[in-house]
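Below: the structure, in structure tokens.
The values are calculated or read from the model by the stated rules, or taken from the named source; none is laboratory data. Keep in mind that what you see is a predicted model, and the values were worked out from it rather than measured. Here the Cβ positions follow ideal geometry from the backbone for every residue, glycine too, while neighbour counts run over all protein chains shown.
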Amino acid sequence: MGLSVRHLLGIEDLTLGDIELILKMSTSFKEISSRPIKKVPTLRGKSLINLFFEPSTRTRSSFEIAAKRLGADSINFSVSSSSVSKGETLIDTGKNLKSMKPDIIAIRHPCAGTPQLLAKYCEPTCVVNAGDGLHEHPTQAFLDVLTILDHKKEIKGLNVAIVGDITHSRVARSNVLLLTKLGANVSVCGPPTLIPQGFDSYGVRVGFDMKEAIQGADVVMMLRTQKERQKEVFFPSIKEYFALYGLDEKKMRWARKSAIIMHPGPINRGVEIDPDLAEGKYSVIAEQVTNGVAVRMAILYLLTGVSEDMHL
Amino acid sequence: MILLKGGTVVDPSQQLVRKLDLLVDKGKIASLGKIQAKKSWDIVDASGWVVCPGFIDMHVHLREPGREDKETILSGSQAAAAGGFTSIACMPNTDPVNDSEAITRFIIDRARQVALVNVFPAGAITKGSKGQELAEIGAMVKAGIVAITDDGNPVENNQIMRRALEYSRIFDVLVIDHCEDRQLASGGHMNEGSAATRLGLYGLSRVAEELDVARDVILGRITGGRIHIAHISTQESLFWVRQAKKQGIDVTCEVTPHHFILTDNDIKNYDTNFKMYPPLRTASDVENIIKAISDGTIDCIATDHAPHTSLEKEMPFQEAANGIIGMETAVALAWEFLIRREIVSISRLVELFSINPNRILKLGRGTLAEGAIADVTVIDPDAEMVVDVNEFRSMSRNCPFHGWKLHGVPVMTIVRGKPVFRRGN
């Protein structure tokens with residue numbers, strides 16, 4: 001039994017079966033990273049291209065490590081997003097890369113929908129969305145859910161609060177899609193200037209009162225808020241933003257005692273989260289990064305469609 | 001001489017819906033009635049067909065001068081003829097912008113040489129459509145423009161818009177506005193709402209259109225200028241037009257077929273053939289537009305035919321060019337969605353496509369009365385067409401209706417007495 005999709009473009013396309021398979025496979029791949037020799041030959045002879053049109057350290061290296069631990073070759077292809085026409089560059093690059101016959105391309109691009117566009121131009125290569133504009137970041141959602149499952153029995157019925165700049169967050173969108181498909185109660189919260197219209201169509205609670213959102217939460221997921229947004233008139237100052245939506249000890253008391261704090265990184269210390277909390281007892285931020293490797297191993301493995309005889 | 005025999009003549013200018021023969025001679029309508037055919041005439045069996053005063057598309061982009069790789073006056077006029085249009089008004093956002101007598105003359109001369117249909121240029125309101133100084137509207141009117149507009153680059157400054165409306169009165173020239181508040185619209189790629197949110201695209205607020213529509217009717221009231229709202233797309237904009245019309249303000253508006261058929265939920269897989277300004281709105285807007293088409297709030301249907309090369313469309317959605325072509329599908333789309341669904345009568349459709357745009361632009365057409373210029377559109381109401389962008393006369397292919405099956409197809413287009421298009425050859 002494999003995935004119902006040929007590419008991983010977003011959570012939206014996935015069936016519950018796909019989701020369960022990816023989570024199950026991720027769990028079994030986690031163990032490899034704890035071995036003294038962290039490498040298996042499962043994907044030997046396969047190649048992954050990391051095609052990144054945006055700067056990224058953690059996601060790109062996570063894909064790279066995932067490929068290498070499975071014995072695949074990994075090539076990084078960074079393209080300056082300041083090229084004259086990103087579109088032409090993308091399609092031309094896609095065609096060129098296709099000619100080199102890679103098995104998978106992981107793409108990150110500032111424009112929504114570019115993984116779809118790339119998939120069209122580089123068949124039969126599998127495309128993994130590593131973040132497209134404001135649209136989706138599916139591997140991040142999987143590593144988040146995997147991390148939650150390390151601490152909570154199941155996703156169904158969990159209260160999850162997602163707080164911060166919702167408008168500019170593909171992480172929020174993918175997480176909302178995945179968490180709601182798995183039956184969580186999701187609240188999103190942020191200043192109304194940073195919540196896009198129609199967000200309630202995802203079947204989540206939308207509000208701008210942090211206490212209301214966090215009350216009784218099992219998971220508090222903080223989003224990165226870029227300082228530059230102040231200049232774009234989304235909020236008046238970092239100080240005021242932190243007072244209203246920054247996570248500190250006091251606000252954390254509204255959540256359940258057993259609650260965990262998550263953050264997709266990179267953290268803006270003192271903007272959206274108190275530095276002590278980010279390192280403190282509730283925080284699972286480092287585990288998220290660890291799980292990222294396992295999730296990406298599982299996805300690379302499932303997409304390249306290697307037969308059942310898995311050599312772990 | 002051409003004799004259209006046995007067709008149903010639908011001409012609201014004469015309150016006509018009747019089976020009549022139509023004789024065209026020397027570029028004019030020679031007679032209308034029961035006509036004995038002569039052997040030397042070109043006799044067309046029009047039985048089962050609908051014969052109307054020539055259709056007028058008052059909002060097209062021909063791209064010449066400047067972007068002849070997208071469309072030319074020739075190719076655009078061929079598309080118009082095949083789509084059943086006998087007259088088109090071309091927007092001034094060419095390169096250079098049509099903001100002068102010289103460019104207006106160039107377009108008119110070129111059209112005279114090559115165009116299959118009547119081409120009426122619109123001139124810019126401001127120099128270079130930059131929104132700062134008035135263009136030489138008088139000189140352009142003298143050269144032949146039928147309207148002024150900074151289409152695609154709407155005048156932001158309320159004072160300049162007011163002055164333009166005041167100044168337009170000297171020539172009684174129509175002022176067309178593409179209504180979009182630039183600040184509110186800035187950064188948006190599709191209609192703001194759940195569809196945009198889910199696609200991860202920045203939304204363009206519907207209020208951007210409404211604000212400018214409200215401004216325009218208010219300025220229309222204080223200036224007495226004739227204001228025409230281009231491609232209206234929201235229910236709130238319609239509210240302002242309705243109010244203004246009730247108050248006797250001289251305002252008219254047009255709608256495109258895509259805005260009364262498609263919604264933002266139709267944008268799938270980031271297909272850039274669904275990207276245009278104003279963007280596709282919601283189902284509730286479409287419902288209200290349909291109502292406004294039947295109750296008369298909307299005066300005419302225009303296409304906003306906006307050709308683009310595939311290079312400019314095969315791109316990430318947010319970077320792709322805005323606009324779609326429409327002249328070769330508009331009539332069939334309107335027939336399918338307005339006539340076959342019994343929203344309007346054929347007479348009302350002819351008002352929307354011919355009588356009203358003629359009245360608004362004052363072209364001296366829009367009738368099949370004896371002695372009138374013989375611009376005639378003939379439609380086969382039962383014919384079926386499957387839209388195939390590869391068969392278009394237009395040089396561009398950016399059309400969201402590829403593969404759609406439609407009924408009610410233009411079969412013959414006569415311009416100044418000359419058949420410029422016959423389906424099948």
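List of remarks:
- From the list B:Leu363, B:Leu311, the one residue that fits, being touching a strand residue (DSSP E or B) at 6+ places or on another chain (Cβ under 9 Å) and either within 30 Å of B:Gly27 (Cα to Cα) or not small (Gly, Ala, Ser) (or both), is B:Leu363.
- Of the criteria (1) within 24 Å of A:Gly292 (Cβ to Cβ); (2) crowded, with 23+ Cβ neighbours inside 10 Å, which one A:Gly246 fails: (1)
- B:Phe85 vs. criteria of a type in the set (Phe, Trp, Tyr), in contact (Cβ under 8 Å) with a residue 40 or more places away in the chain and crowded, with 22+ Cβ neighbours inside 10 Å: yes
- Taken together, the criteria exclude B:Asn153 from residues that are buried (at least 20 other Cβ atoms within 10 Å of the Cβ) and either among the aliphatic types (A, V, I, L, M) or touching a strand residue (DSSP E or B) at 6+ places or on another chain (Cβ under 6 Å) (or both).
- Note on region B:237-286: residues that are hydrophobic (A, V, I, L, M, F, W, C), part of a helix (DSSP H, G or I) and within 14 Å of chain A (Cβ to nearest Cβ) total 2.
- Looking only at region B:305-364, and only at residues there that are within 14 Å of chain A (Cβ to nearest Cβ), touching a residue at least 12 places away in the same chain (Cβ under 8 Å) and among the hydrophobic types (A, V, I, L, M, F, W, C), the one that is farthest from A:Gly113 (Cα to Cα): B:Ala321
- Yes/no for B:Val117 being surrounded by fewer than 24 Cβ atoms within 10 Å (Cβ to Cβ), under 15 Å from B:Met412 (Cα atoms) and of a type in the set (Val, Ile, Thr): no
- Scanning region A:185-197 for residues that are away from chain B (no Cβ under 14 Å) and out of contact with any strand residue (DSSP E or B) (no Cβ under 7 Å at 6 or more places or on another chain) gives a single hit, A:Pro191.
- Restricted to region B:374-422, and to residues there that are basic (Lys, Arg) and in contact with a helix residue (DSSP H, G or I) (Cβ under 8 Å, 6 or more places away or on another chain), the residue that is nearest to B:Ile267 (Cα to Cα) is B:Arg397.
- Of residues in region A:1-27 being touching a helix residue (DSSP H, G or I) at 6+ places or on another chain (Cβ under 8 Å) and among the hydroxyl-bearing types (Ser, Thr, Tyr), the one farthest from the other protein chains (Cβ to nearest Cβ): A:Thr27
- The set of residues in region A:120-132 that are at the interface with chain B (Cβ under 10 Å from one of its Cβ atoms) and modelled with pLDDT under 95 comprises A:Lys120, A:Tyr121.
- Failed item in (1) within 21 Å of the chain's Cα centre (by Cα); (2) farther than 26 Å from A:Val145 by Cβ, with A:Lys239 passing the rest: (1)
- Residue count for region A:14-61, restricted to those that are outside any loop (DSSP other than H, G, I, E, B) and of a type in the set (Phe, Trp, Tyr): 2.
- Only listed residue being touching a His at 6+ places or on another chain (Cβ under 7 Å) and over 23 Å from B:Asn356 (Cα atoms), chosen from B:Lys127, B:Lys70: B:Lys70
- Restricting region A:85-119 to residues that are part of a loop (DSSP other than H, G, I, E, B) and within 14 Å of chain B (Cβ to nearest Cβ) leaves a set whose member that is surrounded by the fewest Cβ atoms within 10 Å (Cβ to Cβ) is A:Ser85.
Yes/no per residue for (1) of a type in the set (D, E, K, R); (2) more than 26 Å from B:Lys362 (Cβ to Cβ); (3) under 24 Å from the mean Cα position of the chain (by Cα); (4) modelled with pLDDT of 95 or more:
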| site | (1), (2), (3), (4) |
| --- | --- |
| B:Ser194 | no, yes, no, yes |
| B:Leu204 | no, yes, yes, yes |
| B:Ala208 | no, yes, yes, yes |
| B:Gly220 | no, no, yes, yes |
| B:Ile229 | no, no, yes, yes |
| B:Gln235 | no, yes, yes, yes |
| B:Leu238 | no, no, yes, yes |
| B:Gln243 | no, no, yes, yes |
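- Matching residues, region A:243-272, being at pLDDT below 95 and hydrophobic (A, V, I, L, M, F, W, C): A:Ile267, A:Val271
- Helices (runs of 4 or more DSSP H) fully within region B:319-425 that include at least 3 residues being buried (at least 23 other Cβ atoms within 10 Å of the Cβ): B:330-334, B:356-361.
- Restricting the search to strands (runs of 3 or more DSSP E) fully inside region B:18-69 and requiring at least 1 residues that are modelled with pLDDT of 95 or more and surrounded by fewer than 16 Cβ atoms within 10 Å (Cβ to Cβ) gives B:28-33, B:42-45.
- On inspection, B:Thr309 fails the criterion of being farther than 20 Å from B:Glu68 by Cβ, hydroxyl-bearing (Ser, Thr, Tyr) and surrounded by fewer than 24 Cβ atoms within 10 Å (Cβ to Cβ).
- Total residues in region B:189-213 satisfying the condition of being touching a Gly at 6+ places or on another chain (Cβ under 6 Å), in a helix (DSSP H, G or I) and touching a residue at least 12 places away in the same chain (Cβ under 8 Å): the figure is 1.
- Considering region B:204-252, and only residues there that are of a type in the set (Gly, Ala, Ser) and on the phi > 0 side of the Ramachandran plot, the residue that is surrounded by the fewest Cβ atoms within 10 Å (Cβ to Cβ) turns out to be B:Gly248.
- Index of the failed condition, A:Asp200 passing every other in (1) acidic (Asp, Glu); (2) within 18 Å of A:Leu247 (Cα to Cα); (3) under 21 Å from the mean Cα position of the chain (by Cα): (2)
- Scan of region B:91-114 for residues that are acidic (Asp, Glu) and surrounded by 18 or more Cβ atoms within 10 Å (Cβ to Cβ), ordered by number: B:Asp99, B:Glu101
For every residue, the table says whether it meets (1) under 24 Å from A:Glu249 (Cβ atoms); (2) within 14 Å of chain B (Cβ to nearest Cβ).
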| residue | (1), (2) |
| --- | --- |
| A:Thr147 | yes, no |
| A:His168 | no, yes |
| A:Gly183 | no, no |
| A:Phe199 | no, yes |
| A:Val204 | no, yes |
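- Given (1) in a helix (DSSP H, G or I); (2) more than 14 Å from chain B (Cβ to nearest Cβ); (3) among the hydrophobic types (A, V, I, L, M, F, W, C); (4) touching a strand residue (DSSP E or B) at 6+ places or on another chain (Cβ under 8 Å), number of the condition A:Ala161 does not satisfy: (1)
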